[in-house]
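In what follows, a structure is listed as structure tokens, so that the remarks can point back to it.
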Amino acid sequence: MPNYHIRTYGCQMNDRDSESLACLLDALGHTRAESEETADILLFNTCSVRDQAERKALGKIGILKKLKRDRPDLVIGVFGCMAQNLGRSLLDKLPHLDFVAGTDRLHEIPELIAEALDGRNGLVSTDTSEDMPTVLTGHERGQVTGYVSVMRGCNQFCTYCIVPYTRGSERSREPEDIVREIQTLADGGTKEVLLLGQNITAYGLAEARESGALDPQASPFANLLHAVHEVSGIERIRFTSPHVRYMNDAFVDAVCSLPKVCKGFHIPFQSGSDRILKLMNRGYTATEYLDRIKAIRARLPDCSFSTDVIVGFPTETEEDFEATRSVMQKVGYDMAYIFKYSERTGTKAAERLEDTVPEDVKLARNQILLTDLETGAEARNQACVGQERQVLVTGPSKRNASRWSGRTDANKVCIFEPTPGMQPGDLVRIAITHTTSHSLFGNVM
Ligand code: SAH
Ligand code: SF4
Ligand code: F3S
């Protein structure tokens, strides 16, 4: 069977999709190529969230034109969000493509490959579907952390965002299926799960609404956390991304009371200005956002937060930006992804609002937030010196293999000397000796 290579761009959901596709292809008898250069089938899982993400993939796939001319048998396929977003028009830009598969067509990729191997090319499959294929539950063996998609799509339509168009509407998996998948992971030695959904706190809500059982006091996602908590062998549960709109008291109670739920929370806020939040259609004010942070912190004083922020949204003034800066300072994030606004064709913001903030202003605002973040994170890490942390061991550190790394419950990277017999997946206690803004360093106790 011809061998394949998958290159993945974009978010953790794409990482997960690539993993499940690889398992599907393996089960059908394909093998993995040692490198991109030796592959018979080249697959690209793409992202459309910012212009740069699209340009990166288009550039990379564009330069394969010559290779395809030299090796006409080579199969090149594009899937994921950019494939869904640009569809057939991708063939105009990249006529050497064998196929384009949309985000609901992952399970069809083996057939598209077979057709391409038969000599058909320029295939496009981007229909959306309500079904959730069950063939996509495979995982790599022996991973300490397993990624599990609990839902697909997003119904929020934040005005800047392409995701609802590329990933379709929200569809949640049955809790039993999710728990079964996680139990299989735990049986294979996985210790931590990262539950994935673009709008994960809305898990199960579309279905509840449809069946007339929507209860604003309840949280199907909190119920799911309780169910996952029961899985023996799983020691830690993380999730991304929650939306403040659905962080009701049932949610706060679950994350604060379930010991396996990690105390590092990624809670995107996007902007600290209520005027901008409204233009973004985020559905909360800065005060409401801070109130949820306070509610969690009141019960978990040592927890940590990370976030996503956009600078330079259309019409963002210096004052709006200062409001964002102030929220960042009030919360004290350990980590943040800070993005410069990127206009996406087809979104409401692109249709209605001009991209008014100049690139150099976006860049300057981005830099200011990054500097604030580094300073704050460094001070908070410094305060950990002399304390102990429980660390889930990942394995040899990337930079220096004689040292090992792991993550604390609050998701901070911790570097230490391994002890004899130490294995990835071990939970160890580390005494913190020194820190930087990014990492903690210490000794096994
Ligand atoms: N569903 C998640 C995030 C999805 S996309 C949430 O709502 O929190 C990841 C991040 O990319 C977003 O949080 C946002 O900060 C950023 N993003 C999305 N669209 C963008 C755009 N058009 N320009 C710049 N950043 C964008
Ligand atoms: Fe995009 Fe908003 Fe949905 Fe997140 S919640 S994926 S930012 S539309
Ligand atoms: Fe990108 Fe799609 Fe993820 S647009 S950020 S790969 S959901």
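The values are calculated or read from the model by the stated rules, or taken from the named source; none is laboratory data. Since the model is a prediction, treat every value here as computed from it, not as a measurement. Methodologically, a virtual Cβ is constructed for each residue, glycine included, from the backbone with ideal geometry; neighbour enumeration extends over all protein chains shown.
Confirm whether ALA295 is more than 24 Å from the chain's Cα centre (by Cα) and of a type in the set (A, V, I, L, M, F, W, C). So ALA295 fits the description; yes. The set of residues from the stretch 16-43 being closer than 26 Å to CYS161 by Cα, in contact with a strand residue (DSSP E or B) (Cβ under 6 Å, 6 or more places away or on another chain) and away from ligand 2 (no atom under 16 Å from the Cβ) comprises SER18, LEU43. When LEU97, LEU86 are screened for being over 23 Å from TYR147 (Cα atoms), among the aliphatic types (A, V, I, L, M), within 16 Å of ligand 1 (Cβ to nearest atom) and surrounded by 22 or more Cβ atoms within 10 Å (Cβ to Cβ), only LEU86 passes.
TYR289 falls short on exactly one of the conditions (1) aromatic (Phe, Trp, Tyr); (2) buried (at least 19 other Cβ atoms within 10 Å of the Cβ); (3) not in a helix (DSSP H, G or I), and that condition is (3).
Yes or no, residue by residue, for (1) in contact with a Ser or Thr (Cβ under 9 Å, 6 or more places away or on another chain); (2) in contact (Cβ under 8 Å) with a residue 40 or more places away in the chain; (3) away from ligand 1 (no atom under 16 Å from the Cβ); (4) not assigned by TED's automatic domain parsing to the domain that holds PRO164:
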| site | (1), (2), (3), (4) |
| --- | --- |
| GLY332 | yes, yes, yes, yes |
| SER342 | no, yes, no, yes |
| LYS348 | yes, yes, no, yes |
| ASP372 | no, yes, yes, yes |
| SER397 | yes, no, yes, yes |
| ILE415 | yes, no, yes, yes |
| MET422 | no, no, yes, yes |
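For the residues GLY189, GLY146, GLY204, the requirement of being small (Gly, Ala, Ser), away from ligand 1 (no atom under 16 Å from the Cβ), farther than 30 Å from LEU290 by Cβ and buried (at least 21 other Cβ atoms within 10 Å of the Cβ) singles out GLY146. When GLY62, GLY119, GLY80 are checked against the criterion of being on the phi > 0 side of the Ramachandran plot and surrounded by fewer than 18 Cβ atoms within 10 Å (Cβ to Cβ), GLY119 stands alone in meeting it.
Scanning the stretch 26-58 for residues that are without any contact (Cβ under 8 Å) to a residue 40 or more places away in the chain, surrounded by fewer than 18 Cβ atoms within 10 Å (Cβ to Cβ) and either part of a loop (DSSP other than H, G, I, E, B) or on the phi > 0 side of the Ramachandran plot (or both) returns GLY29, ALA33, GLU34, SER35, GLU36, GLU37, THR38. Listed conditions (1) within 26 Å of LEU86 (Cα to Cα); (2) more than 16 Å from ligand 1 (Cβ to nearest atom) are all met by GLU210, apart from (1).
Residues of the stretch 307-326 that are within 16 Å of ligand 3 (Cβ to nearest atom) and either surrounded by fewer than 22 Cβ atoms within 10 Å (Cβ to Cβ) or within 30 Å of SER257 (Cα to Cα) (or both): THR307, ASP308, VAL309. When the stretch 316-326 is filtered for residues that are in contact with a helix residue (DSSP H, G or I) (Cβ under 7 Å, 6 or more places away or on another chain) and under 18 Å from ASN281 (Cβ atoms), the ones remaining, listed by number, are GLU316, ASP320, ALA323. The set of residues in the stretch 369-387 being surrounded by fewer than 16 Cβ atoms within 10 Å (Cβ to Cβ), not charged (D, E, K, R) and not in a loop (DSSP other than H, G, I, E, B) consists of LEU370, THR371, THR375, ALA379, GLN382. Among the residues of the stretch 339-398, those that are within 16 Å of ligand 3 (Cβ to nearest atom) and β-branched (Val, Ile, Thr) comprise THR345, THR347.
Name every residue in the stretch 97-113 that is free of Cβ contacts under 8 Å to residues at least 40 places away in the same chain, closer than 18 Å to SER129 by Cα and acidic (Asp, Glu), in order of residue number. GLU108, GLU111, listed by residue number.
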